[in-house]
1. Roughly how many Å² is the accessible area per residue of the range A:183-259, as a whole number, for a 1.4 Å probe?
2. Report the percentage of all Cα-Cα pairs in chain B whose separation exceeds 25 Å, rounded to a whole percent.
3. Report the longest stretch of chain B that contains none of the GluC sites (Glu not before Pro) sitting in a DSSP loop with at most 10 other Cβ atoms within 10 Å.
4. Amide H neighbours of B:M91 under 5 Å, at least 5 residues apart or on other chains, H built in the peptide plane: list them.
5. Run the simple label-point estimate for B:T25 and A:S204 please: 7 Å along Cα→C-beta, distance reported in nm.
6. With N set to the residue count of chain A, report its C-alpha Rg divided by 2.2 N^0.38 Å to two decimal places.
7. Be a star and scan the range B:15-58 for residues whose amide nitrogen sits under 14 Å from the point 7 Å along the Cα-to-Cβ vector of B:A219.
8. Using only C-alpha positions, report the orientation-averaged shadow area of the convex hull of the range B:114-238, nm², one decimal.
Amino acid sequence: MRNVITIARKELSIYFTTAWGWFGAAAMAFISAFFFLDLLEGFVQLQASGRRDAPGLRNLTDGVVVNLFGVLLFITLFVAPFLSMRLFAEERRQKTFELLFTAPVRSLEIVLGKYLGGVGVIGAILGITLIYPAILAVFGSSESGHVLEWSTVFTGYLALMLWASTCMGIGMFISALTESQALAAILTFVVLLLWIALGVLVRSVDEPLRSVIRYVHFDSQLQPLMKGVFDPKAVVFFLSAIVLSIVLTHRAVEAQRWT
Amino acid sequence: MAMLEVQNLTKRYRDRVAIDALNFTVGEGEILGFLGPNGAGKSTTMKILTGFMPATSGRAVVGGFDVFERPLEAKRCIGYLPETPPLYPEMSVRGYLAFVGRLKGLKGKALANDLERVAAATGVTQELDRLIVNLSKGYRQRVGLAQALLGSPKLLILDEPTEGLDPRQRQEVLTLIKSFAGKHTVILSTHILSEVKAVSQRVLMINRGKIVAHDAIEAFSQGKENGLEESFIRLTAA
């Protein structure tokens with residue numbers, strides 16, 4: 001475990017001594033702030049128009065925060081490949097791959113350390129967006145007394161972290177397959193995009209394929225969590241995807257040493 | 001006692017044989033010059049000995065530990081400087097050496113002391129707080145050597161450690177390697193024969209994946225100034 005943390009710390013320090021971590025953080029902060037203001041303004045306008053009973057407009061949680069989660073999910077889709085691309089591709093390009101694999105460390109510890117570092121950086125970047133619920137809690141008001149439903153905010157962030165961690169896992173695996181960071185980023189983006197595109201396919205195919213596609217489509221797994229319903233199935237689904245990507249990355253780096 | 005024992009070590013890449021049934025031993029405290037023309041299989045051999053790459057067959061035992069069966073124990077005995085120093089340009093020299101030290105199991109005061117020791121030995125003390133990206137090629141090579149020395153490994157495997165250094169730096173590194181005699185076992189791979197003459201006691205020469213000579217340095221020079229060069233050209237001609 002000590003080695004895993006040593007490697008994770010190194011990853012984190014590199015993310016924040018190079019432009020990548022800051023670039024991701026800036027992109028997340030800028031784009032999410034734009035959408036947050038837009039959602040808030042829309043909410044205020046609709047409230048003013050008196051349509052308070054429309055679904056999603058009863059309170060700030062459903063009207064703003066839940067909708068913001070959808071936006072954050074998309075920003076993560078763009079940011080994650082840029083963060084994950086360097087995890088292994090850069091080690092190979094810089095020839096530091098040999099340093100790690102000749103150190104008295106298990107290869108699984110290397111993979112886990114890198115993954116933890118990646119999740120740490122995307123977690124820190126998503127953490128910036130906690131400012132929005134905080135702003136609403138401080139400055140918002142509600143007739144019922146509670147401005148925000150914190151349980152919904154919590155499950156929403158759980159959903160975002162599961163999604164971001166899965167993106168990093170897939171990105172790390174692809175990064176382990178190539179020496180080119182740009183290629184790793186593009187491939188990760190394409191894979192994640194195809195995963196999203198499954199949603200379109202759901203409508204155009206028949207049963208039983210439809211149920212299968214709906215199950216593997218990440219959005220249908222995430223929706224309950226993002227709406228505040230804790231769904232253990234979804235947690236298991238994403239944890240399985242994460243474990244699978246770690247195992248595949250481990251196999252990929254091991255295989256490269258044999259050739 | 002032998003620090004390194006290599007038995008029938010073979011590596012095949014599909015139809016190409018990179019190294020073919022190598023057998024040799026290196027004694028404790030010995031400095032071995034590892035010679036061979038480009039593509040002879042030197043780097044492959046070193047990658048296998050350091051546990052980076054598995055062999056197709058045969059075995060290698062470092063400090064009593066089989067590299068393939070007990071890789072972690074064997075790796076703890078080895079300090080390795082690959083052909084290209086494995087550096088993270090965005091880290092400071094201190095941060096980098098601390099990272100490698102931690103991977104080798106050092107911590108706290110012991111890590112700080114060892115870091116100072118290797119920095120002083122390789123002459124990078126003044127550069128500890130500089131970013132590696134800003135270092136000259138010579139200093140990068142020294143930092144690469146410093147990381148290999150961390151944890152005082154019994155066996156040092158150095159792949160062209162003087163590459164890219166100016167004559168003065170080259171001399172300093174060679175003097176440093178020479179000072180390891182009796183303390184560390186060193187495998188020094190290079191194609192600069194004068195360096196081998198300057199520091200090594202024994203020479204292992206390979207050509208096309210096979211050992212063509214393994215003997216004391218005097219046996220190659222035979223009292224002649226350029227005896228090692230002549231032997232090298234003759235033995236690697238095939």
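1. 57
2. Everything past 25 Å amounts to 41 percent.
3. Formally, the longest exposed-site-free interval is B:70-224.
4. Correct list: B:I132, B:V133.
5. Result: 7.1 nm between the two label points.
6. In units of the globular-protein estimate, chain A measures up at 1.11.
7. In the range B:15-58, the label zone of B:A219 (backbone N under 14 Å from the point 7 Å along Cα→Cβ) covers B:23-27, B:33.
8. 8.7
The values are calculated or read from the model by the stated rules, or taken from the named source; none is laboratory data. This one's a predicted model, so the numbers in the text were calculated from it and none came from an experiment. Here the Cβ is made from the backbone with ideal geometry for all residues, glycine too, and neighbour counts use every protein chain on show. In case anyone asks, the SASA skips ligands and DNA or RNA and just uses the protein heavy atoms, side chains included. Shrake-Rupley method; radii C 1.70, N 1.55, O 1.52, S 1.80 Å.
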